[in-house]
Amino acid sequence: MKSSYPDTLALSRTALRALTKLNLLMGVLILALLIASLIAEAPVMSALGVRPGLATPMLFIGMRLIMVIGICAVPVVHFILTRLQLIVETVREGNAFVAANAARLASIAWAVLALELAHLVVAGIAAGVSSPAVPLRIGWNFSLTRWLAVLLLFVLSRVFDEGARMREDLEGTV
């Protein structure tokens, strides 16, 4: 029976490369939007759904602050994707249970936690600058799944750390 394992790894490598490029593109687009909002405030804000005359300066500041948070999230996501690529490479080489992967998983967990906290900050900004006349609809919702993913990453980090230690012990006895 042929295993689909190598095909899954190849697909993962391709997906991670594509996501890395897409993440960088999104960062460039958000930066362009931020710059455009500073150069041509009225047309950009109108294109974003803010009706002229109803918006407050705080709304514009809040929207720009959300853009800045989006730009700051790009390197965090890049960090996550590159660590995942490194983990996939070690799996491809048949050497997954190494201390480096445990450290990578722990750093990914911290990065995902940072993204979740940034998500909360964005929701707070949106709620703070919205008004009945001009609501800022970010579409935030609490997701237990994302918070469980953070916990799972921390647990997997420990599992990989223990697996790496057991592997080292085994290699030392053989």
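Spin-label pair Asp169-Thr14: with each label point 7 Å from Cα along the Cα-Cβ axis, the two points sit 4.1 nm from one another. Relative contact order, whole percent, for the chain stands at 26, derived from Cα pairs under 8 Å and 6 or more residues apart.
Amide hydrogen proximity for Val50: with H placed 1.01 Å from N in the peptide plane, no residue at 5 or more positions away or on another chain lies under 5 Å.
Filter the chymotrypsin sites (Phe, Trp or Tyr not before Pro) in the range 109-160 to those in DSSP coil with at most 11 other Cβ atoms within 10 Å of their Cβ, and list the result.
Details: sites: Trp110, Trp140, Phe142, Trp147, Phe154, Phe160; in loops: Trp140, Phe142.
For chymotrypsin sites (Phe, Trp or Tyr not before Pro) across the range 109-160 that sit outside H, G, I, E and B with at most 11 neighbouring Cβ atoms in 10 Å, the list reads Phe142.
Taken together, the values in this text are just the output of simple stated rules run on the coordinates, not laboratory data. From a predicted model like this one, the values you see are computed outputs, not experimental measurements. Methodologically, a virtual Cβ is constructed for each residue, glycine included, from the backbone with ideal geometry; neighbour enumeration extends over all protein chains shown.
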